[in-house]
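These notes concern the structure reproduced below.
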Amino acid sequence: NGKGLIVSFGEMLIDFVPTVSGVSLAEAPGFLKAPGGAPANVAIAVTRLGGKAAFVGKLGDDEFGHMLAGILRDNGVSTRGINFDQGARTALAFVTLKADGEREFMFYRNPSADMLLRPDELNLELIKSAKVFHYGSISLIVEPCRSAHMKAMEAAKDAGALLSYDPNLRLPLWPSEDEAREQILSIWDKADVIKVSDVELVFLTKNDKIDDASAMSLWHPNLKLLLVTLGENGCRYYTKNFHGSVDAFHVKAVDTTGAGDSFVGALLTKIVDDQSIIEDEARLKEVLTFANACGAITTTKKGAIPALPTETEVLSLVRG
Ligand code: ADP
């Protein structure tokens, strides 16, 4: 169960999260310093569930960068694929928690170290040993990390890895909406598994309706599994042969940060050693129920990484 290596590629940063909802960070009485970054969250989601994960990306050679690498190590994630940039600083995000638990971000990216990963710095031996290669988020936006992203993705694919993509749209980081849409869709057909949120579905299709027809419009012939996550409404799944939905669990959400990453980490942990699950609707629904529970638990605590559950916690929610 989950023993093949899952390599997660991209950024890791620190989220400054206010201690109360409904006000900006500047107005909050206090804040938490929460490690995050979607690909790093996914890697830790995997190890917390008992799987094997490595993170590939670049951090600043500063106190935040070394703190983040330490957090990965403490969580059992391999850091052999991390580079430290001697000039640029580690990325930071300043979060606002809205009253409903949703969050808004402002970034320090000037540029930050994560954007400066170069293709020649990649640990290709590690990347080629991945059974699943997961990516998404900011690494497509600028060079040189865009080229590093492409090279890593191709190397993993050539070595036989299942490619998993979560666009993790962060619009303020892109020069324009059109460029974001174009770049995200430009690597669409490389992926075997894609997870989008309802917001991303609307953005990518330019269609306000969240239904099967709009999800199907994002289907491509090489795809094995498309997932649309719907927050408190669970998720929908699409494969070559069937599609359907899986309900969410009822929980009291206090901070949804990391729910999608937790969902993805759970899914990948379950399919890494048995990809035939994707072709078997009953087993896929069971795995997605587990992933929904994982996402739900993650919303019940502040921050992303501190809220990622263990398998025991997830099973106790699934079994009621
Ligand atoms: P993202 O973080 O990418 O926007 P979602 O917010 O849709 O993704 O969350 C991913 C999954 O986590 C959902 O499919 C759902 O199963 C679970 N989840 C998220 N928010 C809630 C919530 N408020 N209540 C219960 N489950 C939730």
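No lab work stands behind these numbers, since they all come straight from the coordinates. Computed from a prediction, not measured in an experiment: that's the story for all the values here. Note: ideal-geometry Cβ built from the backbone for every residue, glycine included; neighbour counts use all protein chains shown.
Stretching E143 away from D247 to a fully extended chain increases their span by 33.5 nm, per 0.36 nm per residue minus the current alpha-carbon distance. This ranking places K252, K224 by how few other beta-carbon atoms lie within 10 Å of each, fewest first, which gives K252, K224. The chain gives an Rg/Rh value of 0.93, both radii derived from C-alpha positions and Rh following Kirkwood.
Applying the Karplus relation 6.51 cos²θ - 1.76 cosθ + 1.60 with θ = phi - 60° to the stretch 219-232 yields 3J(HN,Hα) values of 5, 9, x, 8, 6, 9, 8, 10, 10, 10, 8, 10, x, 5 Hz, where x marks Gly and Pro. Once the chain from S186 to H66 is taken as fully extended at 0.36 nm per residue, the excess over their C-alpha distance is 39.9 nm. Legend: residue pairs K131/K190; K128/K195; K98/K252; K252/K285; K98/K195; K190/K285, Cα-Cα distance threshold 20 Å; pairs beyond threshold, K128/K195; K252/K285; K98/K195; K190/K285.
With neighbours defined as other Cβ atoms within 10 Å of a residue's Cβ, the residues H134, H220, H243, H250 order from fewest to most as H250, H220, H243, H134. For the stretch 1-117, what does the alpha-carbon gyration tensor say about shape, rounded, prolate or oblate, given a ≥ b ≥ c as the root eigenvalues, a/c under 1.5 as rounded, and a/b over b/c as prolate? The shape class here is oblate. Taking other C-beta atoms within 10 Å as the exposure proxy, Y165, Y238, Y108, Y135 rank Y108, Y238, Y165, Y135 from fewest upward. Evaluated at q = 0.12 Å⁻¹, a Debye calculation over the C-alpha positions of the stretch 156-240 (equal weights, vacuum) places log10 I(q)/I(0) at -0.35. Annotation: for a label point projected 7 angstrom from Cα along Cα→Cβ of F107, residues of the stretch 172-201 with backbone N closer than 12 Å are 172-176, 180.
Before anything else, pin down the relative contact order of the chain: Cα pairs under 8 Å, at least 6 apart, normalised by residue count, whole percent. Once divided by the residue count of the chain, the mean separation gives 19 percent.
For the chain, DSSP calls about 40 percent of its internal beta bridges antiparallel.
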